[in-house]
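Everything below concerns the one structure shown next.
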Amino acid sequence: MSLATTNSVAEIRARNKELIEEVLKVYPEKTAKRRAKHLNVHQAGKSDCGVKSNIKSIPGVMTIRGCAYAGSKGVVWGPIKDMVHISHGPVGCGQYSWGSRRNYYVGTTGIDSFVTLQFTSDFQEKDIVFGGDKKLDKILDEIQELFPLNNGITIQSECPVGLIGDDIEAVSRAKSKEYGGKTIVPVRCEGFRGVSQSLGHHIANDAVRDWIFGHIEAEGKPKFEPTPYDVAIIGDYNIGGDAWSSRILLEEMGLRVIAQWSGDGSLAELEATPKAKLNILHCYRSMNYISRHMEEKFGIPWCEYNFFGPSKIADSLRRIAGYFDDKIKEGAERVIEKYQPLVDAVIAKYRPRLEGKTVMLYVGGLRPRHVIGAYEDLGMDVIGTGYEFGHNDDYQRTAQHYVKDSTLIYDDVNGYEFERFVEKLQPDLVGSGIKEKYVFQKMSVPFRQMHSWDYSGPYHGYDGFAIFARDMDMAVNSPIWKRTKAPWKEAPSAKLQAAE
Amino acid sequence: MPQSAEHVLDHVELFRGPEYQQMLAKKKIFENPRDPAEVERIKEWTKTAEYREKNFAREALAVNPAKACQPLGAVFASVGFERTLPFVHGSQGCVAYYRSHLSRHFKEPSSCVSSSMTEDAAVFGGLNNMTDGLANSYKMYKPKMIAVSTTCMAEVIGDDLNAFIKTSKEKGSVPADFDVPFAHTPAFVGSHVTGYDNALKGILEHFWDGKAGTAPKLERKPNGAINIIGGFDGYTVGNLREIKRILELMGIQHTVLADNSEVFDTPTDGEFRMYDGGTTLKDAANAIHAKATISMQQWCTEKTLSFAAEHGQDVLSFNYPVGLSATDDFIVALSRISGKEIPEQLARERGRLVDAIADSSAHVHGKKFAIYGDPDLCYGLAAFLLELGAEPTHVLSTNGNKAWQEKMQALLASSPFGQGCQVYPGRDLWHMRSLLFTEPVDFLIGNTYGKYLERDTATPLIRIGFPIFDRHHHHRSPIWGYQGGLNVLVKILDKIFDEIDNKTNILGKTDYSFDIIR
């Protein structure tokens, strides 16, 4: 049942269907019925991947998903560098998410930038019993005194806040007034809300709408002279510097980036974004909400783009240029041409080592589709993919623009299913998260973390593609994978112990 | 263009070149940045005694605390039992965080499930989540035991684990006689060390006191065995193996409770071992008969030890014994309790540690250290520094309490090298930053987050603690026992020598002291 012996699309389809059936057998009947809707084999020509998504995870299955707090503090708000983000509630949430997402920024940490600090109200029992509003009031004073150069504060709610009836909005309004209109943003991203990180993204977007855009004067002048070429990067968290290796291309083609959302971003950039001529959206899942809002409220068009791998980069540069005049269109061609020798050299070096290798992905809300082109540029073949917190519009985009016929699709996959799928399909590489990494490496399957870039990066843009290619090569072709079995034992094949 | 296929530059070098530096400089105008002079002024102000005073006057805000929450400790303890699946009742994001946190430290898989409670469960309670969750976990992951703990969400709404587990069993989620011990582990009480204690006590209570009313309580028939509890420990792999080696050398019948030294160190050989090693359930039950229970970490096991004492066992606790005297005390206690002689091999190992200290102590003597971490770890490291003739100067534990403070102070008072040291319970790493600026020390000992303090204050960091995310594999080597003491000594010495080299390596300026022999 490995790919090596299964070649035709029909055979692969049958094999994948059989695999899904086999995996479902482990479950109690009710669970099998629910999980069946999230697993499918993609059929070419369909408008989506044929799976249900954005539905509650099933208790006890070892879902890989996180929570709304992770989506708001961890993803959307956390990277805004000149604001202090308070993890409001018990100590754990802020502790576990402290500095782990690699949102790069330039600033003097602790003085005018605060991304890699862990601010928490560290709730104790008395705060649960008597409420945390008074404590929050005092915390805001203490931040003002000890971190006077902060440009704003957000309050990222953890589970208890919404359960004990705290009124963080009232505290925020009162303190904002007390501090002369200071930006203080309450965010209702308690972890129990919604089904995954995804609702946290939405709540965080809405908080920008209500507490940032809601408080700026629509006709207010930006602090810089507008140009016809002003754009904002939306949905790039600058992981390992991704937004920088993207920004450089946009500027080289003649555009001017006036804001980054939210990697290496600042409050001033958020506030200035309504002056952009075009919002360009990388992570659709986490920031389509605010892009749509800006379109409705300020008339700013938005376009999705993909800066993984040269094929998608070139498409994207041309698509973005399509919103502008010939000067920018020529700029896009100039950029593509400038980087072509680098692309050719990278592909010449790495493609022969990676040609025909198979990949299985499981990431968040964007990369399960967005990185496929980059793998294909290297001759690699994505045979399975799924989203931790994608919605149906993500699966539509995946089906219509990315995956091949008969690709295995798994939504909100859990530990058991993912291990089984990998064991049976024997891919040459798995790309997923930290919780999955060591599981598959134990099974002798090469692995790259596709949330944190395994502490490498950037992967966006042409500069990033070279790093991506290098990293995939070093994972797949590490000599250690040929040595995992003791020479006196048989050849390695991925196995798992659970549920055997 | 800086990038090339021949020499691929990643984030470490890519952004240093003029292309990116110019781009970043131009980005500034959109950031509405603070005046650089003002940034400089505030930066300098944060180094002052005045700032320190304001910083220490904080009553509500925590900045960079060095502690995590209870369920992390519960998960850590639970995986130390044979084929045991930790099941955390509450919001699911918490479990994603514990698993990530443990994997980032150990570079190992970390298996744990959640009952995935959402808004409806917040209103109606999480009984259905428990019932469905136990059924799914049991079928999918074939555990021998499911150890339940709670997130703060379940605690705030007041879910009753005992009743929920009973109901779930009645509904057939798991067989009636399947072991489902539980512990309430609210994140707003204590820290991860408290959660370790609660979970371990919950498991022992389950086996010893009649499995939540479903079985007769065990009757204790004392034998000569000793139970050992390691406590929450980033070095659990190396340390528990070292303790077991010592116990075996001494021929002491023993049970290590919550032995997670295998599950956090499985081989890569083609097979994923979701469960590995661990205290067998039989041994966990039989541990009631032991003569004594010894805890390596007092503040990880206060409730568990009281529980063992209530069952008639002798109990004894240490404070993360590192170094010569602490190991002596541990070995002597083992001998006293078990009646076994101390083998010559341990005397030789001790002699080697003494030898190493004698060889090197001149380089450590009189050096000032700041230490932070869990309460027991701080105590153990401070005690070792004192016997090296080093001078602990600031000892800070975010999850240390008043009792810890008093015990620390007594330790420091007992040595001429501890006279200049202050103890800070309940403080965080932003407090430590002020301490390092206003009362500088030569070295800092702490976890990975200490690197921010090293960057800001230029105090060289010696990484000992949890979590260690940015250095690999140190958890595999023990820091307990005489051998462990040697490992700690080498860690400290390496940093000291590196620092001397760093200060003396400028050609033609300082390199007269760039000695080849030290």
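Using helices alone, what [θ] at 222 nm do you get for chain A, with -39,500 (n - 2.57) per DSSP H run of 4 or more residues, divided over all residues and rounded to the nearest 500? Can you show the working numbers first?
Numbers: 19 runs with 209 residues, N = 500.
Helix contribution divided over all residues of chain A: -12500 deg cm²/dmol.
How much accessible surface area, in Å² rounded to 10, belongs to the heavy atoms of B:I464 with a 1.4 Å probe?
Approximately 0 Å² for this residue.
Under a 1.4 angstrom probe, counting protein chains only, how are B:R350, A:R35, B:R16 ranked by accessible area, largest first? Write down the numbers at each step before the final one.
On the way: B:R350 80, A:R35 5, B:R16 170 Å².
Result, largest first: B:R16, B:R350, A:R35.
Based on DSSP, what percent of beta bridges with both residues in the protein assembly as shown are antiparallel, to the nearest 5?
10
A:A259's amide H: which non-local residues (gap 5+, or another chain) put their own amide H closer than 5 Å, with H modeled 1.01 Å from N in plane and none for Pro or chain starts?
Amide H to amide H, under 5 Å and 5 or more residues apart or across chains, A:A259 pairs with A:I233.
For the range A:300-342, list whatever residues lose no less than 20 Å² of accessible surface once every protein chain is in place, relative to that chain by itself, with the probe at 1.4 Å.
By number: A:K338, A:L342.
With every protein chain kept in place and ligands, DNA and RNA left out, what is the accessible area per residue of the range B:73-132? Probe 1.4 Å, answer in Å². List each step's numbers first, then the result.
Working: 1120 Å² over 60 residues.
Accessible area per residue, the range B:73-132: 19 Å².
How far is it, in nm, from the label point at B:E6 to the one at A:N7 when both lie 7 Å from their Cα along the line to the Cβ?
4.0
Which angle from 0 to 90°, rounded to the nearest 10, does the C-alpha axis of helix A:326-354 make with the longest principal axis of chain A?
Roughly 40 degrees, rounded to the nearest 10.
Can you run phi through the Karplus equation (6.51, -1.76, 1.60; θ = phi - 60°) for the range A:481-490 and list ³J(HN,Hα) in whole Hz, with x for Gly and Pro?
After applying 6.51 cos²θ - 1.76 cosθ + 1.60, I find 5, 8, 10, 6, 9, 4, x, 8, 10, 6 Hz.
With heavy atoms of protein chains only and a 1.4 Å probe, what residues of the range B:249-283 have at least 50 Å² less accessible area in the full set of chains than alone?
B:T268, B:D269, B:G270, B:E271, B:F272
With a ≥ b ≥ c taken as the square roots of the eigenvalues of the C-alpha gyration tensor of chain A, please select rounded if a/c is under 1.5 and otherwise prolate if a/b is larger than b/c or oblate if it is not? It would help to have the intermediate numbers written out before the result.
Numbers: a/c = 1.92, a/b = 1.32, b/c = 1.46.
In terms of gyration-tensor shape, oblate.
Antiparallel versus total DSSP beta bridges in chain B: what percent is that, nearest 5?
If we restrict to bridges inside chain B, about 5 percent are antiparallel.
Between B:Q345 and B:N223, what FRET efficiency follows from the Cβ-Cβ distance if R0 is 25 Å, with the result rounded to 0.05?
The pair B:Q345/B:N223 has a calculated efficiency of 0.45.
Suppose R0 equals 41 Å; then what is the FRET efficiency for A:D344 and B:T280 from their Cβ-Cβ distance, rounded to the nearest 0.05?
Calculated value: 0.10.
Grab the Cα-Cα distance for B:E119 and B:Q422, subtract it from 0.36 nm times how many residues apart they are, and report the gain in nm with one decimal.
Separation in residues times 0.36 nm, less the Cα-Cα distance, equals 104.4 nm.
In degrees, nearest 10, range 0 to 90: what is the angle between the Cα axis of helix A:197-211 and the longest Cα principal axis of chain A?
Around 20 degrees separate the two axes.
Please list the non-local residues whose amide H lies under 5 Å from the amide H of B:E391, H modeled 1.01 Å from N, same-chain partners needing a gap of 5 or more.
Long-range HN contacts for B:E391: B:G366, B:K367, B:K368, B:F369.
Mind checking the angle between helix A:242-252 and chain A's longest principal axis? C-alpha axes, 0 to 90 degrees, to the nearest 10.
For helix A:242-252, the angle is close to 80 degrees.
May I ask you to evaluate 6.51 cos²θ - 1.76 cosθ + 1.60, the Karplus curve with θ = phi - 60°, for each residue of the range A:298-305 and list the ³J(HN,Hα) values in order in whole Hz, giving x for glycine and proline?
Result, ordered by residue: 10, x, 8, x, 9, 9, 7, 9 Hz.
Roughly how big is the B-A contact, given as buried accessible area in Å² (both sides, 1.4 Å probe, nearest 100)?
Counting both chains, the buried surface is close to 9900 Å².
Mark the label point 7 Å from the Cα of B:A163 along Cα→Cβ and return the residues of the range B:201-216 whose backbone N is within less than 12 Å of it.
No residue passes the distance filter.
Roughly how many debye, to the nearest 20, is the charge dipole of the range A:263-308 about its Cα centre, given +1 on each Lys and Arg Cβ, -1 on each Asp and Glu Cβ, and no other charges?
120
Could you sort B:K26, A:K357 by their accessible area in this structure, using a 1.4 Å probe and putting the largest first? List each step's numbers first, then the result.
On the way: B:K26 125, A:K357 60 Å².
Ranked from most to least accessible, the order is B:K26, A:K357.
Any chance you could look up the accessible area of A:L342 with a 1.4 Å probe, heavy atoms only, rounded to 10 Å²?
10
Could you check the spin-label model distance between B:A176 and A:E22? Points 7 Å from the Cα along Cα→Cβ, value in nm.
Rounded to a tenth, the inter-label distance reads 3.8 nm.
Among DSSP bridges having both ends in chain A, what percentage is antiparallel? Round to the nearest 5.
Beta bridges within chain A, antiparallel portion: roughly 10 percent.
Could you please state, rounded to a whole Å, how far the C-alpha centre of the range B:51-99 is from the C-alpha centre of the range A:178-237?
Using only Cα atoms to place each centre, the spacing works out to 29 Å.
With viscosity set to 1.002 mPa s at 20 °C, what whole-number translational diffusion coefficient in µm²/s follows for chain B from Stokes-Einstein and a Kirkwood radius over Cα pairs?
Roughly 86 µm²/s, to the nearest whole number.
Tell me whether the range B:359-502 comes out rounded, prolate or oblate; compute the Cα gyration tensor, take square roots of the eigenvalues as a ≥ b ≥ c, and use a/c under 1.5 as the rounded threshold.
rounded
Quick check for you: with a 1.4 Å probe and neighbouring chains kept, what is the accessible area per residue of the range A:343-402, in Å²? Can you show the working numbers first?
Numbers: 1640 Å² over 60 residues.
In whole numbers, the range A:343-402 has 27 Å² accessible per residue.
Starting from the Cα-Cα distance between B:K144 and B:A309, subtract it from 0.36 nm times their residue separation and give me the gain in nm to one decimal.
Extending this stretch completely gives an extra 56.7 nm.
Write out the GluC sites (Glu not before Pro) in the range B:307-374 meeting two conditions: DSSP loop, and at most 16 other Cβ atoms within 10 Å of their Cβ.
The qualifying sites are B:E341.
If only Cα atoms are counted, what is the Rg of the range B:224-342, and what is its Dmax, in Å?
Computed over the Cα atoms of the range B:224-342, radius of gyration and Dmax are 14.4, 46 Å.
Taking each residue of A:460-470 in turn, how many C-beta atoms of other protein chains fall within 10 Å of its C-beta, and what is the average?
Values: counts 0, 1, 2, 12, 4, 2, 9, 6, 1, 2, 5.
For this peptide, the per-residue mean of nearby foreign Cβ atoms is 4.
Sort A:Y105, B:Y512 from largest to smallest accessible area, using a 1.4 Å probe on the heavy atoms of the protein chains. Display every interim value, and only then the final one.
On the way: A:Y105 40, B:Y512 175 Å².
My answer, sorted largest first, is B:Y512, A:Y105.
Compute the accessible area per residue over the range A:70-201, keeping the other protein chains in place, probe 1.4 Å, unit Å².
27
If you filter the range B:1-52 for GluC sites (Glu not before Pro), then keep DSSP loop positions with at most 16 other Cβ within 10 Å, what is left?
Sites meeting the loop and neighbour criteria: B:E6.
So, by mean Cβ neighbours within 10 angstrom, what's the order for A:467-477, A:377-387, B:496-506, B:75-85 with the highest one leading?
B:75-85, A:377-387, A:467-477, B:496-506
Using amide H atoms built 1.01 Å from N in the peptide plane, name the residues 5+ places from A:D230, or on other chains, whose amide H lies under 5 Å from its own.
The list, which skips near neighbours in sequence, is A:R256, A:K277.
Please give the residues of the range B:206-245, grouped as numeric ranges, whose backbone N is less than 15 Å from a label point set 7 Å along the Cα-to-Cβ vector of B:D329.
none
Set the Förster radius R0 to 51 Å, insert the Cβ-Cβ distance between B:R16 and A:A486 as r into 1/(1 + (r/R0)^6), and round the FRET efficiency to 0.05.
Working: r = 44 Å, r/R0 = 0.86.
Taking R0 as 51 Å, the efficiency between B:R16 and A:A486 is 0.70.
Ignoring ligands, DNA and RNA, what percent of the accessible area of the protein assembly as shown is carbon or sulfur (1.4 Å)? Don't skip to the answer; put the middle values down first.
Details: 17830 of 35240 Å².
The value for the protein assembly as shown is 51 percent carbon and sulfur by accessible area.
Quick test of the membrane-span-like rule: which DSSP H helices of chain B reach at least 18 Å along their long axis (C-alpha atoms) with mean Kyte hydropathy at least -1.0?
Within chain B the helices that satisfy the rule are B:92-106, B:127-141, B:192-208, B:236-250, B:324-338, B:344-364, B:375-387, B:481-503.
Here is the link list: A:K435/B:K27; A:K17/A:K357; B:K171/B:K244. Which ones come out longer than 31 Å on Cα distance?
The answer is A:K435/B:K27; B:K171/B:K244.
So for the pair A:R209, B:R352, with labels modelled 7 Å out along Cα→Cβ, what separation do we get in nm?
In this crude spin-label approximation the distance works out to 6.7 nm.
How large is the accessible surface of A:R34 in square angstrom, using a 1.4 angstrom probe and rounding to the nearest 10?
We get 80 Å² for A:R34.
Mind checking A:119-125 for the average number of partner chain beta-carbons within 10 Å of each residue's beta-carbon?
Numbers: counts 6, 6, 3, 13, 7, 4, 5.
Per-residue shielding by partner chains comes out at 6.
The values are calculated or read from the model by the stated rules, or taken from the named source; none is laboratory data. Predicted, not measured: the structure shown is a model, and the values here were computed from it. As a convention, Cβ positions derive from the backbone with ideal geometry for all residues, glycine included, and neighbour counts pool all protein chains shown. Surface areas here come from the heavy atoms of the whole protein model, side chains and all, with no ligands, DNA or RNA. Shrake-Rupley method; radii C 1.70, N 1.55, O 1.52, S 1.80 Å.
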